[in-house]
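See below for the structure under consideration.
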Amino acid sequence: MQEQAERIARHAERDLDALVAVSSPSGDEAAGNECAAVCAALVPEDAEVERPACSSPGHAPDLLARLRGTGQKRVLLLGHLDTVVAHANHQPLRREGGELHGSGAVDMKGGDVLALGVLGALAGRPGLFAEAALLLVCDEEWRTAPFAHADAFAGWDACLCFEAGETTGEGEDAVVVARKGAGTLHVRAHGRASHSGSAPDAGRNALLALASVARAVATHHDPAGSHRLTAVPTILNSGEAFNVVPGDGELFCDLRADEREAFDTVLAAVPAELDGVRLEASLLRVWPGMDAREPTAPVIERAATALGRPLHGHARGGASDASHFAPVIGVTIDGLGPRGGAAHNPGEFVLARSLHERAQVALAMTLAALEPSEGLANIRELPVGH
């Protein structure tokens, strides 16, 4: 395992450089196609490459690479190619000490290249699997449309998602087996514009109404409560001129909780009218939560045995496409990517040493999910496909 993980890590840093070099903000079709082309060049030669339609209209098609084997089980490797970073703010990969900095490095292009490495390792051992697939989507960061791919993989034996990895407080390896659900609350305000100097009281101020709603939403923030709800106003747009009472606007709030009912409670708390301003509230997206602790426990235990060190299943608050697969694939495990930090920030980075460490975890987890008896016994013999 050590030898193969080292090879994957060595390729991963090179491949991460190539993938981060492409600025790929969510919604940019050309950028999504360029990222997909980079990844298509890195999949094993005998993989069947498809470009299924993206869940979100106007986005580049997603990338799906399939390997056919002679074994019994089917495993899906999962990632996304889009980032939250605008072209103007994009930063190519650079090394600073032991850190690899660059836009989308940890969320989640670092995970993508590890997934490519695992697919390459599996290519040389078709007896371990009936089918292995890598799905890289182009819209994870900003998707509001229904997710399009879960039904196609329903009933598969395992889904392994390569969002960023983590450790316990004691520094031991961990993967993600539970996540909160995610919701996006959208409130549109319809007031009345007027001159802010000569007729300020004739207007109905949409900005003030939305600010009041934002504060009301924030009062529901209760991460220690029964639903572990987080309610965070994130975007407020209102007003077009400094001397005009804003007549309309919109507010976005990010909601995370264990249960969907918590989102409905926040939605119901938005009034239909406030100080003469009409308010329209809706949930733009609702992503399911994920709780795969029970079905994944034996897989994690087998993988830890192969690693020869502890491996833990953790819960994480952030949303992930793994949550869409968990209802239809019992063994869904996330957080298999490299460790790093500052996701969604200019200082985003991957810890270079974690490419090797997490490659070990990903290999052990993949084989534990597929064929514990044969797979773990022969893990040292796995070749790397690229």
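Bear in mind these aren't lab numbers, they're just calculated from the coordinates by the rules spelled out. Computed from a predicted structure; not experimentally measured. Quick reminder, even Gly has a Cβ in these numbers, built from the backbone with ideal geometry, and neighbours come from all protein chains shown.
Among THR332, THR168, THR296, the largest mean-square fluctuation in a Gaussian network model of the chain (Cα springs under 10 Å) belongs to THR168.
Of ASP151, ASP82, ASP17, the residue with the greatest mean-square motion in the GNM of the chain, using alpha carbon springs below 10 Å, is ASP151. Couplings 3J(HN,Hα) of the stretch 187-195, computed from phi: 10, 9, 10, 10, x, 9, 6, 7, 5 Hz, in residue order, whole Hz [Karplus 6.51 cos²θ - 1.76 cosθ + 1.60, θ = phi - 60°; x for Gly and Pro].
The chymotrypsin sites (Phe, Trp or Tyr not before Pro) found in the stretch 236-267 that occupy coil by DSSP, while having at most 12 further C-beta atoms within 10 Å, are PHE242. Take the alpha carbon atoms of the stretch 257-294, find their center, do the same for the stretch 60-94, and report the distance between the two centers in whole angstrom. Rounded to whole Å, the Cα centres lie 30 Å apart. From largest to smallest, the equivalent ellipsoid semi-axes obtained for the chain from the alpha-carbon gyration tensor read 42, 22, 18 Å.
Between 0 and 90 degrees, the angle of helix 110-123 with respect to the longest Cα principal axis of the chain falls at about 30 degrees. Summed over qualifying helices (DSSP H, 4 residues or more, each -39500 (n - 2.57)) and divided by its residue number, the chain shows a 222 nm mean residue ellipticity of -9000 deg cm²/dmol. The 3J(HN,Hα) values that the Karplus relation (6.51, -1.76, 1.60; θ = phi - 60°) gives for the stretch 212-220 are, in residue order, 5, 5, 4, 5, 5, 4, 5, 5, 7 Hz. Gly and Pro appear as x. Under a 5 Å amide H cut-off, with hydrogens placed 1.01 Å from N, GLU99 pairs with ALA352 among residues at least 5 apart or on other chains.
When you restrict to C-alpha pairs under 8 Å that are six or more residues apart and normalise by the size of the stretch 181-287, the relative contact order lands at 42 percent.
Each label point was placed 7 Å from the Cα along the Cα-to-Cβ direction; for HIS195 and GLU261 their separation is 5.4 nm. With a ≥ b ≥ c the root eigenvalues of the C-alpha gyration tensor of the stretch 1-54, is it rounded (a/c under 1.5), prolate (a/b larger than b/c) or oblate? Note, shape of the stretch 1-54 comes out oblate.
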